[in-house]
Amino acid sequence: MTPDQLIRPEIQRLSAYHVADATGMVKLDAMENPYLLPDDLRAELAVKLGEAAINRYPDPHAAAVQNALRQAFSIDPGYAVMLGNGSDELIQIVASALAKPGATLLSVEPSFVMYRMIAEFTGLRYVGVPLRPDFSLDEAAMLDAIEREQPELVFLAYPNNPTGNVFERAAIERILAAAPGLVVIDEAYHAFAGGLSFIADLARFDNLVLLRTVSKLGLAGLRLGYMVGKPGWIKEFDKIRLPYNINVLTQVAAKFALDHVAVLEHQAGLLVEERARLMSALSALHGVQAFPSDANFILFRLPDAAKVFTGLKRRGILIKNLHGGHPLLDNCLRVTVGAPLENDAFLAALRNELELDN
Ligand SMILES: *Cc1c(COP(=O)(O)O)cnc(C)c1O
């Protein structure tokens with residue numbers, strides 16, 4: 001018996017999620033927050049991690065982390081919270097729970113690639129509805145697709161990755177009203193979106209749940225995502241969550257960091273300021289079209305993305321090349337907003353690459 005006889009064909013056709021080697025590079029490819037916690041807080045955290053009972057299994061519900069999240073983000077006590085090993089795990093849990101034979105997951109394209117990959121993992125049929133060329137939501141096409149496909153599950157990232165924009169609220173409300181199944185709004189970039197959120201809409205829509213993560217807020221290394229929704233949904237999803245999915249060290253570190261959430265939010269504020277600076281610098285470059293962003297990254301188009309991407313890499317700057325990922329992303333690159341010196345290094349390298357072109 002060989003793998004190709006036994007492994008599901010759709011899995012054999014997949015390629016594993018690719019993570020670029022960033023050793024020694026200015027790393028602006030993965031929407032990480034460039035800042036660590038301040039030294040005094042790190043010293044305090046080190047003591048707490050040293051005292052952590054790593055000989056014991058973790059609290060299966062990570063109650064202290066849940067409470068810290070509720071406090072930090074003012075989550076209404078009427079809603080249930082479920083934690084995941086990154087929000088990626090929560091996407092997988094929701095998909096597994098809804099994957100009846102023949103069931104459909106619908107999203108927009110281009111969007112977060114894990115929606116499609118996880119549909120494949122879990123045996124869901126995937127339908128992607130193209131955005132408009134300016135990356136706005138094509139509401140008519142979405143409503144048509146919902147009517148035609150009757151999806152069990154709709155995923156919308158708000159703001160969207162890799163485009164950075166938020167979709168029109170009224171259009172999302174009409175999608176929520178029309179969808180026959182569950183709609184998951186993924187607010188991974190909430191910290192940078194100036195308060196835009198669907199969290200208050202949980203009260204109005206019984207078919208809505210919300211995903212968030214602390215990854216983009218400065219804690220990517222902890223792997224902690226959370227889902228907020230009506231208890232009826234969360235109770236079912238919690239049955240397929242593996243018992244100890246949030247490890248002891250993550251629980252200690254996340255509780256500590258969330259108790260100091262003002263520090264993380266201050267860092268996010270600095271990144272929002274840098275985003276504005278990066279945006280005007282990019283827009284001023286001849287031949288570069290930068291797309292408006294409510295996230296901690298900027299998507300931009302230029303005449304030869306592959307060449308510039310390689311040139312930047314040679315100069316020690318790692319960003320993300322999206323060319324070839326989707327026709328709407330032709331010649332597009334995505335840069336994460338970093339610390340001021342990192343952004344300066346990126347801009348200097350980009351200017352040099354573009355001059356070589358002229
Ligand atoms: C980064 C990202 C995630 C994944 O977050 P993790 O919590 O690190 O797994 C989820 N959704 C979107 C849209 C993202 O960009």
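Every number here is computed from the coordinates shown, using simple stated rules; none is lab data. None of the values given here were measured: they were computed from a predicted structure. Using ideal geometry, Cβ is built from the backbone for each residue, glycine included, and neighbour counts are taken over all protein chains shown.
Check whether at least one residue in region 175-192 is in contact with a Phe, Trp or Tyr (Cβ under 7 Å, 6 or more places away or on another chain), under 22 Å from GLY229 (Cβ atoms), without any contact (Cβ under 8 Å) to a residue 40 or more places away in the chain and not charged (D, E, K, R), and report yes or no. Talk me through it step by step, then tell me what you get.
The first filter runs over region 175-192 and keeps only residues in contact with a Phe, Trp or Tyr (Cβ under 7 Å, 6 or more places away or on another chain), leaving 176, 184-187.
After this cut, where a residue has to be under 22 Å from GLY229 (Cβ atoms) as well, the list is 176, 184-187.
Of the ones still in play, those that are also without any contact (Cβ under 8 Å) to a residue 40 or more places away in the chain are 176, 185, 187.
After this cut, where a residue has to be not charged (D, E, K, R) as well, the list is 176, 185.
Yes.
Return the only residue of GLY128, GLY102 being in contact with a Lys or Arg (Cβ under 9 Å, 6 or more places away or on another chain), within 23 Å of ILE11 (Cα to Cα), away from the ligand (no atom under 16 Å from the Cβ) and free of Cβ contacts under 8 Å to residues at least 24 places away in the same chain.
Details: GLY128 fails: away from the ligand (no atom under 16 Å from the Cβ).
Unique residue meeting the criteria: GLY102.
Taking only region 178-221 into account, find how many residues are assigned to a strand (DSSP E or B) and not aliphatic (A, V, I, L, M).
Filtering region 178-221 for residues assigned to a strand (DSSP E or B) gives 182-186, 208-213.
From what is left, the residues that are not aliphatic (A, V, I, L, M) are 186, 212-213.
Within region 178-221, residues that are assigned to a strand (DSSP E or B) and not aliphatic (A, V, I, L, M) number 3.
Which members of region 91-119 meet the condition of being under 22 Å from THR163 (Cβ atoms) and either part of a helix (DSSP H, G or I) or of a type in the set (Val, Ile, Thr) (or both)? Steps first, please.
So the first thing to find is which residues in region 91-119 are under 22 Å from THR163 (Cβ atoms), and the list is 91, 105-119.
Passing the criteria: ILE91, VAL108, VAL113, MET114, TYR115, ARG116, MET117, ILE118, ALA119.
Go through region 163-192 and give me each residue that's under 20 Å from the mean Cα position of the chain (by Cα) and surrounded by fewer than 19 Cβ atoms within 10 Å (Cβ to Cβ).
Here is the first cut: in region 163-192, the ones under 20 Å from the mean Cα position of the chain (by Cα) are 163-169, 172, 182-192.
GLU168, ARG169 - these are the residues of region 163-192 that are under 20 Å from the mean Cα position of the chain (by Cα) and surrounded by fewer than 19 Cβ atoms within 10 Å (Cβ to Cβ).
In region 133-162, what count of residues is obtained for those that are of a type in the set (S, T, N, Q) and buried (at least 23 other Cβ atoms within 10 Å of the Cβ)? Spell out the reasoning first.
If we filter region 133-162 for residues that are of a type in the set (S, T, N, Q), which is where we start, we get 136, 150, 160-161.
With buried (at least 23 other Cβ atoms within 10 Å of the Cβ) added as a condition, the list becomes 160.
Number of matching residues: 1.
Output yes when any residue across region 302-309 is in contact (Cβ under 8 Å) with a residue 60 or more places away in the chain and either more than 22 Å from the chain's Cα centre (by Cα) or closer than 18 Å to PHE73 by Cβ (or both), and no when none is. Walk me through how you get there before you give the answer.
Narrowing region 302-309 to residues in contact (Cβ under 8 Å) with a residue 60 or more places away in the chain: none.
Checked region 302-309: no residue is in contact (Cβ under 8 Å) with a residue 60 or more places away in the chain and either more than 22 Å from the chain's Cα centre (by Cα) or closer than 18 Å to PHE73 by Cβ (or both).
Here are the criteria: (1) aliphatic (A, V, I, L, M); (2) away from the ligand (no atom under 15 Å from the Cβ); (3) under 22 Å from the mean Cα position of the chain (by Cα); (4) assigned to a helix (DSSP H, G or I). Tell me which single one ALA254 does not satisfy.
(2)
Mind checking which pairs have a first residue in region 327-349 that is closer than 13 Å to PHE300 by Cα and a second that is acidic (Asp, Glu) and assigned to a strand (DSSP E or B), Cβ under 9 Å, 6 or more apart or different chains?
These pairs meet every condition: LEU328/GLU109.
So, in region 222-234, how many residues would count as being aliphatic (A, V, I, L, M), within 10 Å of the ligand (Cβ to nearest atom) and not in a loop (DSSP other than H, G, I, E, B)?
1
Quick check on region 222-233: of everything there that is closer than 15 Å to VAL65 by Cβ and of a type outside the set (Phe, Trp, Tyr), which residue is surrounded by the fewest Cβ atoms within 10 Å (Cβ to Cβ)? Outline the logic, then answer.
In the first step, residues of region 222-233 are kept if they are closer than 15 Å to VAL65 by Cβ; the result is 222-228.
Within this subset, residues satisfying the condition of being of a type outside the set (Phe, Trp, Tyr) are 222-225, 227-228.
On the way: LEU222: 22, ARG223: 20, LEU224: 30, GLY225: 23, MET227: 27, VAL228: 24.
Out of the qualifying residues, it is ARG223.
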